[in-house]
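Here is the structure we will look at.
Throughout, read-outs are computed from the coordinates displayed, never taken from laboratory work. Every value quoted in this text rests on a predicted model; they were computed, and no experiment measured them. Methodologically, a virtual Cβ is constructed for each residue, glycine included, from the backbone with ideal geometry; neighbour enumeration extends over all protein chains shown.
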Amino acid sequence: MRYTLFDSRKDELILVARVLMMILFVLFGWSKLTGFTGTVSLMVTEGAPLPTVAAVIAVVMEFFVGIAIVLGFYTRPLALLLALYTLAAAMIAHH
């Protein structure tokens, strides 16, 4: 069996990929959290059902779940949940 650099550094590369991916979610979640009123207004503009609840869900999913994934807390179930959230957000807000 032949090993490559990827095989020997697989865990490190997965960690770097996880951190880089979650930086996007955490940054956008932080901006939604710090500008919560604007986030709710955006949800109203986009026609999201229950805009305040939708804004809270967005903050929790992007910021708090993003941090949990970076820290390695239940990464697979939370990653699946984040993927489902992303699909729902795409269908609601990103026509």
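Summary table below
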quantity: Filter result (of a type in the set (Gly, Ala, Ser) and in contact with a Gly (Cβ under 8 Å, 6 or more places away or on another chain)) within the stretch 8-31; calculated: Gly29
quantity: Selected residue [of a type in the set (Gly, Ala, Ser), without any contact (Cβ under 8 Å) to a residue 40 or more places away in the chain, part of a helix (DSSP H, G or I) and within 16 Å of Ala89 (Cβ to Cβ)] from Ala68, Ala54; calculated: Ala54
quantity: Among (1) surrounded by 13 or more Cβ atoms within 10 Å (Cβ to Cβ); (2) aliphatic (A, V, I, L, M); (3) within 17 Å of the chain's Cα centre (by Cα) - the single one Ile23 does not satisfy; calculated: (1)
quantity: Among the candidates Lys32, Lys10, residue that is under 13 Å from the mean Cα position of the chain (by Cα), of a type in the set (D, E, K, R) and closer than 23 Å to Ala79 by Cβ; calculated: Lys32
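Yes or no, residue by residue, for (1) exposed (fewer than 12 other Cβ atoms within 10 Å of the Cβ); (2) over 20 Å from Leu15 (Cβ atoms):
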| position | (1), (2) |
| --- | --- |
| Leu42 | no, yes |
| Pro49 | yes, yes |
| Ala54 | no, yes |
| Val60 | no, yes |
| Gly72 | yes, no |
| Arg76 | yes, no |
| Ala89 | no, yes |
